[in-house]
Amino acid sequence: MAMELFAGVDVGSTTTKVAIIDSSEKLLADAIDKSGFDFSGAAESVFNQALEVLGVERQQVKRVVSTGYGRRNVAFADEMRTEILCHSAGAYHYYPEALTIIDIGGQDNKIIRVNAAGERETFSMNRKCAAGTGAFIEEIAYRLGLELSDLNGMAEKSENEVSIGSFCTVFSCTEILGLLRRGAKPEDIVKGVFRSVVKRVVEMDTIVGKVVLTGGVIAYNPIIAEMMAEMTESQVVIAPHPQTMGAFGAALTARNL
Ligand code: ADP
């Protein structure tokens, strides 16, 4: 008998992710690409990429659940679920205990608390402003002429982190230009930028219990996990495949419908 497959499609405001699992809930393949302006085109193309990775045909996927900001644009999805539900389902699959899940995405942050049974207790979301999100980090990298992929390594070299007082992206850019003029080193500024992201996130809600981090920002900047552990005195772990955790949670939902 052919293997039964289930897929989750997470159309985020910045990236689109697809995860394919089997009926034992094992992640078999995932794929990621920019969402761009055409959410339905991105969903279609990232789904095809994941199928190709696995070497299977679309007909072999029994059910698809979509999630994310652009979840309504996935014509081939059987059902839709919120990102809150999918990130919780994905994280709880790996850590079946009471958790605080923090997702730092391209344009929003979410803090979700689940109890020991995996049921959602509370959630907070920041979708109003770029501060503390991936977009903030991208803007600063652009202004400093740095590659996004170099930031984590730079912050790790920092010996004299600078403090960035402004949370607002525009004010932070002005502040950073001033710091550079006064001779601050780029690596110390980058570490300060990460500190600002962590501060902005942790002030959104009370952080209790074990923290599981998901999303694209943490996937590329694991130093944020160390900084968050220091600042909250909590146990902080980075979820496996953090950027595709929402897509994985959607696939789990498809499996269990
Ligand atoms: P979404 O909100 O669309 O779900 P993600 O969780 O995928 O977004 O996070 C997107 C963020 O991840 C970007 O804003 C950026 O900060 C970071 N990121 C994504 N791709 C890369 C990359 N190749 N290198 C470094 N950082 C990246």
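Return yes or no: is Ser35 within 22 Å of Thr133 (Cβ to Cβ), within 15 Å of the ligand (Cβ to nearest atom) and modelled with pLDDT under 95?
no
Looking only at the range 66-88, which residues are under 17 Å from Phe37 (Cβ atoms), charged (D, E, K, R) and in contact (Cβ under 8 Å) with a residue 40 or more places away in the chain?
Selection gives Arg71 alone.
Can you tell which of Val9, Val65 is of a type outside the set (Gly, Ala, Ser) and either more than 13 Å from the ligand (Cβ to nearest atom) or surrounded by fewer than 23 Cβ atoms within 10 Å (Cβ to Cβ) (or both)?
Exactly one of Val9, Val65 is of a type outside the set (Gly, Ala, Ser) and either more than 13 Å from the ligand (Cβ to nearest atom) or surrounded by fewer than 23 Cβ atoms within 10 Å (Cβ to Cβ) (or both), namely Val65.
Test of understanding: among Ile84, Ile21, which residue is within 16 Å of the ligand (Cβ to nearest atom), under 20 Å from the mean Cα position of the chain (by Cα) and among the aliphatic types (A, V, I, L, M)?
Of the residues listed, the single one that is within 16 Å of the ligand (Cβ to nearest atom), under 20 Å from the mean Cα position of the chain (by Cα) and among the aliphatic types (A, V, I, L, M) is Ile84.
Which pairs have Cβ atoms under 9 Å, sit 6 or more apart or on different chains, and link a residue in the range 212-239 that is free of Cβ contacts under 8 Å to residues at least 60 places away in the same chain to one that is small (Gly, Ala, Ser)?
Pairs found: Met227/Ala155; Gln235/Gly209; Gln235/Ala229; Val236/Ala225; Val236/Ala229; Ile238/Ala219; Ile238/Ala225.
Does Ile207 meet the test of being closer than 20 Å to Tyr95 by Cβ and not acidic (Asp, Glu)?
Yes.
Regarding Leu27, is this residue under 16 Å from Ala239 (Cα atoms) and either in contact (Cβ under 8 Å) with a residue 40 or more places away in the chain or outside the structural domain of Thr232 (by TED's automatic domain parsing) (or both)?
Here the answer is yes, as Leu27 does meet what is asked.
Let me confirm something: among Glu147, Glu156, Glu119, which residue is under 17 Å from Ile84 (Cβ atoms) and either more than 14 Å from the chain's Cα centre (by Cα) or surrounded by fewer than 19 Cβ atoms within 10 Å (Cβ to Cβ) (or both)?
Only one candidate qualifies: Glu119.
What's the number of the only condition in (1) surrounded by 24 or more Cβ atoms within 10 Å (Cβ to Cβ); (2) within 23 Å of Pro240 (Cβ to Cβ) that Val74 fails to meet?
It is condition (2) that Val74 fails.
If we keep just the residues of the range 202-232 that are within 13 Å of the chain's Cα centre (by Cα) and in a helix (DSSP H, G or I), which is farthest from the ligand (Cβ to nearest atom)?
It comes out as Ala225.
The values are calculated or read from the model by the stated rules, or taken from the named source; none is laboratory data. Fair warning: this is a prediction, and the values are worked out from it, not measured in the lab. Positions of Cβ are backbone-derived with ideal geometry, glycine not excepted, and every protein chain shown enters the neighbour counts.
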